[in-house]
Structures are given as structure tokens and as C-alpha cells.
Amino acid sequence: MSNRESLHRLVDTLPEAALESALRVLQNYQLWPPQPPADVEKLRERLRERLERSAREQANRTGRGVVAGSIGGSHFRPDGDGAASMGGWDGETLLNLELRVFRGYKLELEERFRISDDRDSLLYSQKITGPRRKRASYEIEFDIAEGPNKKT
């Protein structure tokens, strides 16, 4: 049976390199049961809001309702490192939101996939927000004019 004394002894035997990770694990156990980072809930809420807005806009444009869905998951280690993601549709755009935590540093990624209006290109964009709200983005256009799914 573990008790505080045996835990203290165990910590005293840890190599120096393991102390930072052990500290994060113990800090995450201050609340029981461990909770996912609050940003995961923000991520889910952002995706829900976008999907609802997209469904309303589609219904207003077409006069029809929209069947939409999303899927998500998360996995975090006891030291807090891990990832959570959700995906769904924003109109005709496939949207994936992901939160990654590495050594306590958070990165938020937003990916978008869509077909161009002329159906000749697959458009991909990614936005990344990291520590201190530093941001970067990337876009690429893939020619699909001759692709197997090209509708003529």
C-alpha cells in the first residue's frame, strides 16, 4: 500500500532528468480525477459554433436543413502532454481543429480542405497558434483537373 512517505522516498530516487516530467504528473493529479486541459473544451465549443453557423447559413441559402456531424477524440498522458482534435464541416469545407500539448506548451492547429469553385483544385490551409500567441499559416493548392473525381 502506498503512502506519502513511500512516495517521498520514490521521488528522492528519481534521476534529475525525470524530475520535470514527474513534477508535471504530480501537478496534474492535484485535481482528482484529472481533467483534460480547458483548451479542449474551448476547441469543442469553437467547432460546435462553426458547425451551427454553417448549418444556419446553408439553411438560409437553400431553404433546406443540413445534416452535419463532427467527430473528435483526445489522449493525454498523466504529465499533461497529448492532443485533442475535432473535425466536421463548415459549409463545403472540411475543418479539423487540434490542440497539442508538449512539455506544457500548447499548439492549436486549424486545417481546412475544400474544392475550388471551378473544381480544378484541392485547397488546403493550416493555421498554427503557439506559445505567446505566435501565429503562422500555410496554404497550398493542388491541381486536380485531371483527377479521378473530376466531374465534367
Condition first: in contact with a strand residue (DSSP E or B) (Cβ under 7 Å, 6 or more places away or on another chain), exposed (fewer than 14 other Cβ atoms within 10 Å of the Cβ) and modelled with pLDDT under 90. Can you find one or more residues in the range 58-72 that meet it? yes
Among residues of the range 74-114, those that are surrounded by fewer than 16 Cβ atoms within 10 Å (Cβ to Cβ) and among the aliphatic types (A, V, I, L, M), counted: 2
Out of the residues in the range 1-34 that are of a type in the set (A, V, I, L, M) and surrounded by fewer than 10 Cβ atoms within 10 Å (Cβ to Cβ), which is nearest to Arg77 (Cα to Cα)? Leu31
With criteria (1) closer than 30 Å to Leu23 by Cβ; (2) more than 15 Å from the chain's Cα centre (by Cα); (3) at pLDDT 85 or above, Arg77 comes up short on (3)
At positive phi and either assigned to a strand (DSSP E or B) or assigned by TED's automatic domain parsing to the domain that holds Pro78 (or both) - does that describe any residue in the range 131-141? yes
Residue that is modelled with the highest pLDDT, among those in the range 8-45 that are under 26 Å from Glu98 (Cβ atoms) and among the β-branched types (Val, Ile, Thr): Val25
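The values are calculated or read from the model by the stated rules, or taken from the named source; none is laboratory data. Please read these numbers as outputs of a predicted model, since none were measured by experiment. Here Cβ is always computed from backbone atoms with ideal geometry, including for glycine, and neighbour counts include all displayed protein chains.
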